[in-house]
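The values are calculated or read from the model by the stated rules, or taken from the named source; none is laboratory data. As the structure is a computational prediction, the values presented were derived from the model and not from experiment. Neighbour counts run over all protein chains shown; Cβ positions are idealised from the backbone, glycine included. Side chains included, ligands, DNA and RNA excluded: accessible areas come from the protein's heavy atoms. Shrake-Rupley method; radii C 1.70, N 1.55, O 1.52, S 1.80 Å.
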Amino acid sequence: MNHKFRWPSSALAIAIAALFFALGGGAVAAGHHYLITSTKQIKPSVLTKLKGNRGPRGDQGPKGDTGAQGPTGATGVSGAIGATGAIGATGAIGPTGPAGPTGVSGPTGVSGATGATGATGATGATGPDFVSWSGVVTSGVAGDCNNGATDGCDYPDVITGGSFTARHAYCAIGQSWGGAATFEINIRNPVNDNPLPIGSCVTNSSFGGGSLHGTADLTPTGLAPGDILLIHPTYNSGQAGFPVTVTVGP
């Protein structure tokens, strides 16, 4: 770097001369050299004269190397909590989660009102095409139908449930050691309301343990639901307490 040479001012020249004289004329004359290492070796009055005008500013020197990183500073004080931000937009609905466990059953509710009556159902099939009667032999009571009785005999009524033509009868008496029993089968005479016989069934065959049974052919008679059959039994007094049955069919 080149700098234009400038001659020192008159004041600076005088100060330099005074410096040499301050060092002592004898020392200079003798040819000795002194090394000045501190301004304390110079008289204050001389130092005052040595002060010159500020020189021009020198060129900026090259950028120095980056210094070592300094230590981390202390953590600063936490700042105040900021104001609450505005509410964001509602997010999309998430997928449905799995079903939870079944809860405990609640109490039974109050019974509801009775519903309206339903429509009448279709007419059922016609009833069976036979009719049956059963009872127990009695003895010593009015109307017991025993042989030799003078009090008459009560006729058991049997009401039919189906439509058929009566042609056969079956009769039985259980454990009858006293002999056979007779069952006269009648229908009600529509003219005078008296019994009208259509046949008799006698228990004249034995089977199993002393029981007796029998069969009979009847005068073919048409029967309809609600018709009444009158059974006229004739027993022996030794048959009291035995069960009896009569069945009329096609």
inquiry  = Being at pLDDT below 85 and closer than 30 Å to residue 250 by Cα is the requirement here; does residue 59 meet it?
reply    = no
inquiry  = Can you say whether residue 91 is modelled with pLDDT of 85 or more and open to solvent by less than 100 Å² (accessible area, probe 1.4 Å), as far as the supplied structure shows?
reply    = yes
ask   = Given the conditions (1) open to solvent by 20 Å² or more (accessible area, probe 1.4 Å); (2) touching a residue at least 24 places away in the same chain (Cβ under 8 Å); (3) of a type outside the set (Ser, Thr, Tyr), which single one is not true for residue 190?
value = (2)
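Taking residue 39, is it exposed (fewer than 10 other Cβ atoms within 10 Å of the Cβ) and on the phi < 0 side of the Ramachandran plot?
no
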ask   = Which ranges mark the strands (runs of 3 or more DSSP E) fully within region 151-244 that have 1 or more residues being among the hydrophobic types (A, V, I, L, M, F, W, C) and within 60 Å of the chain's Cα centre (by Cα)?
value = 157-159, 164-173
query = So how many residues does region 157-186 have that are open to solvent by less than 30 Å² (accessible area, probe 1.4 Å) and touching a strand residue (DSSP E or B) at 6+ places or on another chain (Cβ under 7 Å)?
reply = 14
